DNA sequence: CATGGTAAGGAAAAGCCTTTCCGTAGTCTG
DNA sequence: CAGACTACGGAAAGGCTTTTCCTTACCATG
């Protein structure tokens with residue numbers, strides 16, 4: 001307190017309004033049976049004094065702090081931006097404040113933060129990550145507060161985890177490319193030890209299969225999540241499988257590399273080849289040539305969903321298991337234009 | 001509390017250790033005069049019970065919550081990632097927890113969050129933004145807690161603001177390009193109503209002037225912070241001023257567009273032209289062709305610096321004014337290789 | 001033996017709020 | 001007019017710590 005000025009307490013408000021402390025409390029919180037006139041007098045006094053109730057004292061007596069911990073496993077990643085926005089926004093609307101903790105994938109740090117949050121008596125914790133693969137739960141012993149894992153998955157099935165539906169994302173990409181008339185597909189994606197990579201591929205393949213098409217392994221490239229890998233893979237693809245007319249990329253970074261190589265090799269997108277990315281990351285998708293059609297994981301919605309569930313758990317509802325939140329396709333130019341549909345289904349165009 | 005389990009209090013620890021509450025408190029906090037044996041007994045009891053002191057109660061009596069509010073003005077932006085990491089990390093090391101509040105450039109939201117933070121009795125507030133231009137202070141009335149503006153600048157000079165030294169960034173870019181032997185410069189950057197844009201240009205020009213070179217306005221392009229603008233500007237530049245051999249870009253996004261056009265027009269980087277970007281944003285710089293040399297604003301350090309200052313202010317030190325934190329050049333390939341220096345100064349190479 | 005110093009630890013207040021319980025006054029019912 | 005409500009508002013407990021001030025007991029000193 002730089003100016004040594006004490007914050008005004010409810011006692012002062014009560015005195016000024018000429019009522020007891022308890023009456024002031026009731027008036028301010030809309031409880032008890034009070035005359036309207038009394039309430040107004042208290043409110044007036046509070047306003048004049050600029051009264052701000054001390055949340056610390058309130059939490060102490062209510063045994064509810066209206067705070068939650070946001071514990072990000074991996075170091076603050078770009079995925080966490082929309083996710084955290086969704087969480088913070090949803091909680092803030094419910095007057096719940098958020099403690100930010102960056103675990104940096106370090107179990108020791110995570111433990112430290114967990115203790116700190118517990119000590120601050122948070123009402124709940126949301127653990128965020130950047131991978132959908134199962135991770136060890138926050139604690140082996142049952143915690144005194146509910147926990148939800150968002151874009152992160154607890155290995156303990158009795159925990160609640162909320163993940164994007166990567167398989168659905170793969171299906172969306174396939175449906176879009178199919179409806180644009182492409183028929184010979186390739187997939188350039190991230191490392192296969194990511195569950196997300198496998199799920200996206202599975203969804204993509206399943207939808208292709210439904211259309212009687214297949215994606216052989218030789219046209220699936222797996223490598224690091226980098227633009228340069230997109231370029232290398234695309235170059236190899238054009239050499240070995242020039243017949244490919246559509247590429248589904250596991251990330252927008254990869255897609256950018258793919259786009260560059262296609263361009264350099266004289267393959268026009270989307271006239272000759274269709275391309276779909278994943279992540280819908282504005283910086284990469286909006287100004288690429290052509291603008292990149294991409295699967296959006298709705299991370300902000302996902303965060304909001306996780307927050308709502310946590311709130312519900314704090315209310316006492318028990319929740320567990322895995323929730324998969326659907327993806328969405330942001331259509332720009334690179335995937336090609338959907339062919340007009342005949343009355344009988346997907347319009348088959350060569 | 002899902003299991004209705006009450007947290008263990010210091011009373012239980014004291015009872016178990018066979019001492020009074022105050023003795024337990026002293027033992028746990030390393031205060032007072034206690035026999036070592038007594039201390040150990042208390043610690044043992046605390047461990048066995050899994051005691052976690054209630055930070056709420058502690059804050060109440062100590063009048064210090066060991067929390068600070070992190071109020072981001074603009075919606076969670078990518079710049080905020082390293083900035084927030086720096087802040088959170090520095091504060092966390094000092095056992096201070098961070099409340100995350102996303103103001104979204106909405107004064108009403110900001111007001112709401114400010115009240116919320118004050119009510120929670122934070123010890124201080126750091127306001128983050130994404131522009132260096134002066135903004136109205138958080139509040140017109142003096143606040144009961146210290147505030148520091150990080151990558152954000154209060155219009156009130158009695159506030160403390162911490163900003164990157166954009167002018168220094170411009171100078172770094174110029175020095176690098178000069179030492180690589182380039183002599184005819186252009187600048188493609190963001191909107192001129194950004195103070196950062198003007199500062200970077202000023203620093204760049206000043207260093208050029210020191211070397212007896214100038215950058216005429218006709219070779220300065222100002223436009224939106226977009227890759228597509230980088231492309232458009234580069235195309236125009238090549239048409240009108242083909243003699244230019246070095247381009248300093250106001251952001252990495254712009255630089256990416258510039259690199260693409262140079263490449264397409266057959267100008268090799270860095271053999272024929274040198275390019276330097278700004279922001280050192282990994283996704284864009286590391287995998288571009290060639291990898292992009294870029295000015296790094298040291299945002300993480302900047303955040304840590306702001307946090308340290310805030311901590312100091314919380315300790316009672318008064319601080320105000322503007323701190324400019326230096327930039328740093330991340331040298332990759334695009335700027336060209338510094339020419340070997342002769343004994344007489346910068347080596348002049350065509 | 002009176003005095004004083006010191007080490008060890010306890011009692012109680014303070015920090016600020018909510019909530020339960022109770023008293024008072026007024027109104028209604030039979 | 002007795003008895004039963006209702007509306008209003010106050011007193012006090014409770015939530016968990018820290019900290020200040022005391023009380024003991026012990027030892028040394030003159």
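Distances from residue A:216 to the same residue in each other copy, label points 7 Å out along Cα→Cβ, in nm, shortest first?
6.1
Please report how far the C-alpha centroid of the stretch B:223-292 lies from that of the stretch A:43-57, rounded to the nearest whole angstrom.
56
Chain A: which residue's Cβ hugs the A-to-B rotation axis most tightly, distance rounded to whole Å?
A:100, 2
Dividing the convex hull volume of the Cα atoms of the stretch A:86-240 by its residue count, what figure in Å³ per residue is obtained?
In the stretch A:86-240, the Cα convex hull volume per residue is 153 Å³.
Provide the FRET efficiency to the nearest 0.05 for the residue B:210-residue A:322 pair, computing r from the beta carbons and using R0 = 60 Å.
0.45
Angle between the Cα long axis of helix A:36-49 and the longest principal axis of chain A, 0 to 90 degrees, nearest 10?
80
In nm, one decimal, shortest first: how far is the label point of residue B:108 (7 Å from Cα along Cα to beta carbon) from the matching points in the other copies?
4.8
In square nanometres, what is one fourth of the surface area of the convex hull spanned by the alpha carbons of the stretch A:26-140?
On the way: hull surface 38.2 nm².
Projected area, direction-averaged: 9.5 nm².
Based on alpha-carbon positions alone, could you give the equivalent ellipsoid semi-axes of the stretch B:273-334 from the gyration tensor, as √(5λ), descending, whole Å?
They are 34, 11, 6 Å, listed largest first.
How tilted is helix B:252-264 with respect to the longest principal axis of chain B? Cα atoms for both, answer in degrees (0 to 90, nearest 10).
That helix lies at roughly 30 degrees to the long axis.
If you scale each eigenvalue of the Cα gyration tensor by 5 and take the root, what three semi-axes come out for the stretch B:125-214, rounded to whole angstrom and sorted largest first?
34, 11, 9
Jot down the per residue volume, in cubic angstrom and as a whole number, of the convex hull over the alpha-carbon atoms of chain B.
Each residue corresponds to 201 Å³ of Cα convex hull volume.
Looking at chain A, what % of its DSSP beta bridges pair antiparallel, to the nearest 5?
Close to 10 percent.
Taking a label point 7 Å from Cα toward Cβ, how far is residue A:43 from its twins in the other copies, in nm, shortest first?
Ordered by increasing distance: 5.5 nm.
How far apart, in nanometres, would the label points at residue A:44 and residue B:36 be if each is projected 7 angstrom from Cα along the Cα-to-Cβ direction?
The two pseudo-label positions are separated by 6.6 nm.
Pairing the Cα long axis of helix A:227-240 with the longest principal axis of chain A, what angle in degrees results, from 0 to 90 and rounded to the nearest 10?
Taking the Cα atoms of chain A, the angle to A:227-240 is about 20 degrees.
Please report, in whole Å, how far the alpha carbons of the stretch B:10-53 spread along each principal axis, starting with the longest.
Principal-axis extents of the stretch B:10-53 (Cα, largest first): 24, 16, 15 Å.
Tell me, how many Å apart are the Cα centres for the stretch B:28-42 and for the stretch B:147-190?
After rounding, the separation between the Cα centres reads 54 Å.
Can you divide the C-alpha Rg of the stretch B:174-224 by 2.2 N^0.38 Å and report the result to two decimal places?
The reported ratio for this selection is 1.11.
Quick one: compute a quarter of the convex hull surface over the Cα atoms of the protein assembly as shown and quote it in nm².
Quarter of the Cα hull surface area: 38.9 nm².
Run through the DSSP bridge list for the stretch B:223-350 and note the antiparallel percent, rounded to the nearest 5.
Rounded to the nearest five, the antiparallel share is 40 percent.
Based only on the alpha carbon positions, what is the Kirkwood hydrodynamic radius of the stretch B:166-292, in angstrom? Show your work: numbers first, answer last.
Numbers: mean 1/r = 0.0716 Å⁻¹.
Answer for the stretch B:166-292: a Kirkwood hydrodynamic radius of 14.0 Å.
Report for the protein assembly as shown the percent antiparallel among DSSP-assigned beta bridges with both residues inside it, nearest 5.
15
Rounded to the nearest 500, what is the 222 nm mean residue ellipticity of chain A from helices alone, with -39500 (n - 2.57) per DSSP H run of 4+ residues and division by all residues?
Values: 12 runs with 143 residues, N = 350.
Helix contribution divided over all residues of chain A: -12500 deg cm²/dmol.
Over chain B, what is the relative contact order in percent, taking alpha-carbon pairs closer than 8 angstrom and at least six residues apart?
17
Which order results if A:314, A:125 are arranged by neighbouring Cβ count within 10 Å, fewest first?
On the way: A:314 20, A:125 24.
Least to most surrounded, the residues fall as A:314, A:125.
So what is the relative contact order for the stretch A:166-292, in percent, with contacts set as C-alpha pairs under 8 Å and at least six apart?
Relative contact order for the stretch A:166-292 comes out at 27 percent.
Counting alpha carbon pairs within less than 8 Å and at least 6 residues apart, what relative contact order, in whole percent, applies to the stretch B:10-53?
For the stretch B:10-53, the relative contact order is 43 percent.
Each value in this text was obtained by applying a stated rule to the coordinates, not by laboratory testing. Predicted, not measured: the structure shown is a model, and the values here were computed from it. Glycine gets a Cβ as well: all are built from the backbone with ideal geometry, and neighbour counts include every protein chain shown.
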